[in-house]
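Taking it in order: structure first as structure tokens, then the write-up.
The values are calculated or read from the model by the stated rules, or taken from the named source; none is laboratory data. Fair warning: this is a prediction, and the values are worked out from it, not measured in the lab. FYI the Cβ positions are ideal-geometry reconstructions off the backbone, even for glycines, and counts take in every protein chain you see. Heads up: the accessible areas ignore ligands, DNA and RNA and are worked out on the full protein's heavy atoms, side chains in. Shrake-Rupley method; radii C 1.70, N 1.55, O 1.52, S 1.80 Å.
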Amino acid sequence: MPLFLNDDQTMLRDTARDFVADAAPVSHMRKLRDSKDETGFSRDLWKQFADMGFTGILVGEDHGGLGLGHVEAGVVLEEIGRNLSPSPFLQTAVAAVEALKGTPHAERWFPGIVAGETVAALALDEGAKFRASVSMKAERSGNGFKLTGAKQFVHHGHVADFVIVSARTAGAADDQDGVTLFAVPKDAAGMTARAERLTDASLAARIEFDGVEVDADAVIGEVDAGRKPLDRLLRAGRAGAAAEMLGVGAGAMDMTIGYIKERKQFGTLIGSFQALQHRAAHLYSEMEVARAAVLKAQQLLDAGDDKADAAVSVAKAMTGLATMLSVQEGIQMHGGIGMTDEYDIGFYMKRQRVLAELFGDANYHADRLAQAAGY
Amino acid sequence: MSDLETFRSETRAWLEANCPPEMREPIRSEKDSVWGGRDQSAMTPAQKQWMDAMGAKGWTVPDWPKEYGGGGLSAAEAKVLREEMARIRARNPLSSFGISMLGPALLKYGTEEQKKEHLPKIARGEIRWCQGYSEPNAGSDLASLATSAEDKGDHFLVNGQKVWTSYANYADWIFCLVRTDKTNKHNGISFVLFDMQTPGVSTKPILLISGYSPFCETFFDNVKVPKENLVGELNKGWDVAKYLLGHEREMISNMGLGGGGKNPLIDGAIATIGLDHDGRLADPLLRAKIAEFEVRSKAFAAQSERFIDELKAGRAHPAQPSMMKYYGTELNKSRHELIMASGGSDNLEWESERSRGGAPARDWLRTKANSIEGGTSEVQLNIISKRILELPGA
């Protein structure tokens, strides 16, 4: 398979590009922020995503979805990133769908997701940095389990219809085995989500689990062997976050290049200065390399290749590095106006920072590759 | 089984039978690269066997047409061949400016006679080519070159000097830019080919900071070049040169890739520095730098694959080789900085046996030319700015 989008994927990209730019441009996010919207995204937009078929992009046709792959999901995510559109797409339609695929939970949750009515949240982080270790407890209780502990950085956690939670059913924090993944409905007693507005205006919750009782059928996959669906979730989530971040970086770069083509100082267009041209060309190079890394990871994921996991870490780390450069150069090349809230470029810097942390930052993934390579 | 799957299994079997074990070891120094040519005495038996076997199949140039010594493979088949070679870590059978630079230019601009005469010999590694571009006063501003070619009816009379002529002292033939019209800067240059044994051609190696002499000064004193050796139109050699430069940049950018499989940089760092009790490199700051380098290096490998795929499909931006050249060479320089930092004082030995004659230090020094040769990094950035990003001129 050649490493570029095929005709169908290109068509989907064009459709997604027009749709997202039209329905949820940066002004859409700004409006939600300025009105202190308490949901964090537009339910109406989520429904429109469903009408476009996007919410079911990774859901099999047997469940009413499009049955497409990570390349296609990434195409949509890149446009979400480019427009900074607040959406539960990454967590719900990509990460949660991958975790639930092939389990009985698919019957329960997929129809709502495909219809654009259901939203999922992912309660994985127990500290301010993503780690592979899981400490939160899930003790056997009657026919099911009792969950006790706290999670943070849970996007849409306060409004989600269900929350996917990683908890420990055996062993110690760093053990591979002994982790179990649960799907907890939002009305479960003892679960309290407190939403916090983040730097980028998105809402993420800190969730307390105070002896939350769930049935045995809340388990995703098998007890003590939750790493399997969790790894599926993380691979999809990371590839998706990389694709969305690529959109953020590309959007910032386009805005910046456009700006230096128009802005005059010293009586001439600043884009004609070699100092800026060289930095812009360097930025372009980093973004191209990041784009290739993302597409490679998506294609390997879709092919079910063993090398996909490492490629996903390369993609997440590389987009982290390249898009950070993009947003930083964006502010710098815009000069003073780039520092104003009125101008959009600053939003790109904020969004990049949030996506960079999601599911492990560039350092985390570089370290992961180093460990796998034995150093 | 699909045709492509059949091709893959046949290719796998053929490579297994024909690629000598010595040719599946990572390249460790410049001597491990095979350049072919009339004088093949420096080649090891395994190198020669591998080059001849691949050359006979046309697989040194898998996507060239069969009639010119190529393999006649489709883009998909050529990719399968690359993948299967990478799987057994087979070395490139032939490094050649004929393959990476002149060949593509002849395929596009050459006459039928020129293609039939030169391409099969390039494919089989029989003739080694060098490139006569730069002159003492025409480096980054290449189009200001002065080497003259006077029209003498049936031949051109060439006089002048070239510099940085890579391996001119080993080359059999040269492809050369000469001035055929002094009144027109870009449209007064022609592209000619001639045998380095022609009377009046002489070369002198230039000793570099690495102690190697990969480059030469090359002098032309009343050299007679037959008219049929003109490629493309008279005074339109700049078009051929630009086309060829794109391929040169593509080739140089491959340096950023390193090799597949076992990573000598990481193995070297572990050997000198050692691992701590958690199994991590005992120098955490160097480990972090290597890890970040590895991220960029693996991402660039994906970009190279994407670039080749886009090129074959005719979708690559014509200035994209500049980006590949820029990124690949900068990456290669940082790889060698890390190799030197990992090796410590071991890698500073200049002539010892265990440093293989100072190979790590010499290779490190050699890479400093990567961002100068084939158009400096700054020239590449200018090209990206103007042709891809379409930023305004000064």
**OP:** Would you point out the residue of the stretch B:45-61, among those that are within 29 Å of B:K312 (Cα to Cα) and aliphatic (A, V, I, L, M), that is surrounded by the fewest Cβ atoms within 10 Å (Cβ to Cβ)?
**Re:** B:A56
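Residues checked against (1) under 17 Å from A:D231 (Cα atoms); (2) away from every other protein chain (no Cβ under 14 Å); (3) open to solvent by 10 Å² or more (accessible area, probe 1.4 Å):
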{"site": "A:S285", "(1), (2), (3)": "no, no, no"}
{"site": "A:R291", "(1), (2), (3)": "no, no, yes"}
{"site": "A:L321", "(1), (2), (3)": "no, no, yes"}
{"site": "A:G335", "(1), (2), (3)": "no, yes, yes"}
{"site": "A:D344", "(1), (2), (3)": "no, yes, yes"}
**OP:** Mind telling me which of the residues B:G268, B:G246, B:G314, B:G258 ends up being within 14 Å of chain A (Cβ to nearest Cβ), open to solvent by less than 60 Å² (accessible area, probe 1.4 Å), at pLDDT below 95 and under 30 Å from B:V80 (Cβ atoms)?
**Re:** B:G258
**OP:** Kindly indicate the residue of the stretch B:177-194 that is among the polar types (S, T, N, Q) and within 21 Å of B:Q114 (Cβ to Cβ) and also surrounded by the most Cβ atoms within 10 Å (Cβ to Cβ) among those meeting that condition.
**Re:** B:S190
Subject >> Members of the stretch A:106-120 found to be in a loop (DSSP other than H, G, I, E, B) and in contact (Cβ under 8 Å) with a residue 60 or more places away in the chain, listed by number >> reply: A:G116, A:E117, A:V119
Subject >> Qualifying position, being open to solvent by less than 20 Å² (accessible area, probe 1.4 Å) and among the acidic types (D, E), among B:E77, B:E84 >> reply: B:E84
**OP:** Any chance you could count how many residues in the stretch B:341-381 are touching a Gly at 6+ places or on another chain (Cβ under 7 Å), of a type in the set (D, E, K, R) and not in a loop (DSSP other than H, G, I, E, B)?
**Re:** 1
**OP:** For B:M323, work out the one condition from (1) more than 29 Å from B:I88 (Cα to Cα); (2) more than 9 Å from chain A (Cβ to nearest Cβ); (3) open to solvent by less than 30 Å² (accessible area, probe 1.4 Å); (4) not aromatic (F, W, Y) it doesn't fulfil.
**Re:** (2)
**OP:** Give me the pairs, please: first residue somewhere in the stretch A:307-318 and more than 8 Å from chain B (Cβ to nearest Cβ), second residue anywhere and buried (at least 24 other Cβ atoms within 10 Å of the Cβ) and among the aromatic types (F, W, Y), beta-carbon distance under 9 Å, and either six or more positions apart or on two chains.
**Re:** A:K316/A:F359
Original post:
On the given criteria, is A:G258 open to solvent by less than 10 Å² (accessible area, probe 1.4 Å), closer than 19 Å to A:Y343 by Cβ and not polar (S, T, N, Q)?
Top reply: no
**OP:** May I ask you to list the residues in the stretch A:346-375 that are within 14 Å of another protein chain (Cβ to nearest Cβ) and small (G, A, S)?
**Re:** A:A356, A:G360, A:A362, A:A366, A:A370, A:A372, A:A373, A:G374
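Provide a single number: the residues in the stretch A:25-40 that are part of a loop (DSSP other than H, G, I, E, B) and either within 21 Å of the chain's Cα centre (by Cα) or farther than 24 Å from A:D344 by Cα (or both).
5
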Subject >> Failed item, numbered, when B:L331 is tested on (1) under 30 Å from A:T256 (Cα atoms); (2) open to solvent by 20 Å² or more (accessible area, probe 1.4 Å); (3) of a type in the set (A, V, I, L, M, F, W, C) >> reply: (2)
Original post:
Within the stretch B:89-104, is even one residue without any contact (Cβ under 8 Å) to a residue 12 or more places away in the chain and open to solvent by less than 20 Å² (accessible area, probe 1.4 Å)?
Top reply: no
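For the stretch A:1-24, give me each residue that is open to solvent by 40 Å² or more (accessible area, probe 1.4 Å) and either modelled with pLDDT of 95 or more or under 20 Å from the mean Cα position of the chain (by Cα) (or both).
A:N6, A:D7, A:D8, A:M11, A:R13, A:D14, A:T15, A:R17, A:D18, A:A21, A:D22
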Original post:
Consider B:N159 against the criteria (1) surrounded by fewer than 20 Cβ atoms within 10 Å (Cβ to Cβ); (2) part of a helix (DSSP H, G or I): it satisfies all of them except one. Which criterion is unmet?
Top reply: (2)
Original post:
Of the residues B:A302, B:A394, which is within 13 Å of another protein chain (Cβ to nearest Cβ) and surrounded by fewer than 18 Cβ atoms within 10 Å (Cβ to Cβ)?
Top reply: B:A394
**OP:** Please list, ordered by first then second residue, the pairs with beta carbon atoms under 9 Å, 6 or more apart or interchain, first in the stretch A:330-356 and of a type in the set (D, E), second open to solvent by 40 Å² or more (accessible area, probe 1.4 Å).
**Re:** A:D344/A:S27; A:D344/A:R30; A:D344/A:M255
**OP:** Answer with yes or no whether B:E294 is open to solvent by 20 Å² or more (accessible area, probe 1.4 Å), within 10 Å of another protein chain (Cβ to nearest Cβ) and in a helix (DSSP H, G or I).
**Re:** no
Original post:
Applying the selection to the stretch A:255-264, what residues are in a helix (DSSP H, G or I) and more than 8 Å from chain B (Cβ to nearest Cβ)?
Top reply: A:M255, A:T256, A:G258, A:Y259, A:E262
**OP:** Would you mention how many residues in the stretch A:265-314 are assigned to a helix (DSSP H, G or I) and of a type outside the set (A, V, I, L, M)?
**Re:** 18
**OP:** Identify all residues within the stretch B:164-176 that are assigned to a strand (DSSP E or B) and open to solvent by 20 Å² or more (accessible area, probe 1.4 Å); write none if there are none.
**Re:** B:W164, B:S166, B:W173
**OP:** Looking only at the stretch B:1-39, count how many residues are among the acidic types (D, E) and either under 23 Å from the mean Cα position of the chain (by Cα) or surrounded by 13 or more Cβ atoms within 10 Å (Cβ to Cβ) (or both).
**Re:** 5
Original post:
When you look at B:K325, is it touching a residue at least 40 places away in the same chain (Cβ under 8 Å) and in a helix (DSSP H, G or I), yes or no?
Top reply: yes
Subject >> A:A236 being more than 13 Å from chain B (Cβ to nearest Cβ), assigned to a helix (DSSP H, G or I), at negative phi and open to solvent by less than 50 Å² (accessible area, probe 1.4 Å) >> reply: yes
Original post:
Which residues, counting only those in the stretch B:118-146, are over 17 Å from the mean Cα position of the chain (by Cα), open to solvent by 10 Å² or more (accessible area, probe 1.4 Å), closer than 30 Å to B:V379 by Cβ and not polar (S, T, N, Q)?
Top reply: B:H118, B:E135, B:P136, B:G139, B:D141, B:L142, B:A146
**OP:** For B:K115, work out the one condition from (1) at positive phi; (2) surrounded by fewer than 20 Cβ atoms within 10 Å (Cβ to Cβ) it doesn't fulfil.
**Re:** (1)
**OP:** Looking for whichever is more than 9 Å from chain B (Cβ to nearest Cβ) and in contact with an Asp or Glu (Cβ under 7 Å, 6 or more places away or on another chain) here; the options are A:L325, A:L301. Which one fits?
**Re:** A:L325
**OP:** All but one of (1) surrounded by 21 or more Cβ atoms within 10 Å (Cβ to Cβ); (2) over 16 Å from B:G103 (Cβ atoms) hold for B:A42, so report the exception by its number.
**Re:** (1)
